[in-house]
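Report on one structure; see the data block that follows.
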Amino acid sequence: MSVGLLIITHGQLGPALLKSATDILGCCPLAAKALEAPSDCNPDSILEQARAAAESLDSGDGVLVLTDLYGSTPSNISCRLQQFHKTNIIAGINLPMLVRVLNYPALQLDELTHKAISGGRDGVMLCKTRIDR
């Protein structure tokens, strides 16, 4: 068994991040799905899609849910999933976070959650070359 991965974001952000990460790695080592929550969506409809996705992804070890912006519709939908499934939810998805998650497919839910947070945080850095004249 392993943890499933569900990404719920505004628009096509989630599917694009998942495709980019799997392109970088050459595969997707976790059962993963990405759901779009358009700005004009019916949150209850997306919740039902998310419930079905979580059900299909959960092999018994739970589901890590990554979302984009805390307090937004995708985040709120993600938080509502906790009523139905064993989930950990992280807001603020970025590509370094997702690549880190996919590099540790054998970890349990809580360990994978910590890897995701550290990957997202540590993957943000200032890239500046200073040239003194």
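Rounding to the nearest 10 and keeping the result within 0 to 90°, find how far the Cα-based axis of helix 13-25 lies from the longest principal axis of the chain.
The helix 13-25 is inclined about 60 degrees to the chain.
Could you give the length gained on full extension between residue 39 and residue 82, defined as 0.36 nm per residue of separation minus the Cα-Cα distance, in nm? Don't skip to the end; give the middle numbers.
On the way: separation 43, 0.36 × 43 = 15.48 nm, distance 2.24 nm.
Gain on extension, residue 39 to residue 82, equals 13.2 nm.
Let me cross-check residue 73: its accessible surface, 1.4 Å probe, with only protein heavy atoms counted, in Å² to the nearest 10?
Ignoring ligands and nucleic acids, residue 73 comes out at about 60 Å².
Tell me, what is the 1.4 Å probe accessible area of residue 27, in Å² to the nearest 10?
Around 70 Å² of this residue is reachable by solvent.
How much net charge surrounds residue 59 when only the other residues with a Cβ under 15 Å from the Cβ of residue 59 are counted, with Lys and Arg +1 and Asp and Glu -1?
Counting the neighbours of residue 59, the net charge comes to -1.
Among 52, 81, 32, pick out the residue whose Cα is farthest towards the positive end of the charge dipole of the chain, where Lys and Arg carry +1 and Asp and Glu carry -1 on C-beta, about the Cα centre.
32
Around residue 7, which amide H atoms from residues at least 5 apart in sequence, or from another chain, sit under 5 Å from its own amide H, with H modelled in the peptide plane?
Answer set, sorted by chain and number: 33, 34, 35, 66.
Going from most exposed to least, what order do 97, 125, 1 have by accessible area with a 1.4 Å probe?
1, 125, 97
Compute the long axis of helix 109-122 from its Cα atoms, compare it with the longest principal axis of the Cα atoms of the chain, and write down the angle in degrees, 0 to 90, nearest 10.
30
For 33, 19, give me the order by solvent-accessible area with a 1.4 Å probe, most accessible first, ignoring ligands, DNA and RNA.
Result of the area sort, largest leading: 19, 33.
Can you give the helix-only mean residue ellipticity at 222 nm for the chain, where every DSSP H stretch with n ≥ 4 adds -39500 (n - 2.57) and the sum goes over all residues, rounded to the nearest 500 deg cm²/dmol?
Roughly -13500 deg cm²/dmol at 222 nm, from the helical runs in the chain.
At what distance in nm do the modelled label points of residue 122 and residue 19 sit from each other, each positioned 7 Å from its Cα along Cα→Cβ?
Roughly 2.9 nm, to one decimal.
Taking the Cα centre as origin and putting +1 on Lys and Arg beta-carbons and -1 on Asp and Glu beta-carbons, what dipole magnitude results for the chain, to the nearest 20 debye?
Value, rounded to 20: 500 debye.
What order do 58, 40, 23 take when sorted by accessible area (1.4 Å probe), most exposed first?
Highest to lowest solvent-accessible surface, that is 40, 23, 58.
Once the other residues with Cβ under 12 Å from the Cβ of residue 77 are scored (Lys, Arg +1; Asp, Glu -1), what is the net sum?
Working: positive: 51, 80; negative: 36, 44, 48, 68.
Once all neighbours under 12 Å are counted, the net charge is -2.
The values are calculated or read from the model by the stated rules, or taken from the named source; none is laboratory data. Not measured: the values here are computed from a predicted model. All Cβ positions, even for glycine, are placed from backbone atoms using ideal geometry, and neighbour counts span all protein chains on display. Accessible surface areas use protein heavy atoms only, side chains included; no ligands, DNA or RNA. Shrake-Rupley method; radii C 1.70, N 1.55, O 1.52, S 1.80 Å.
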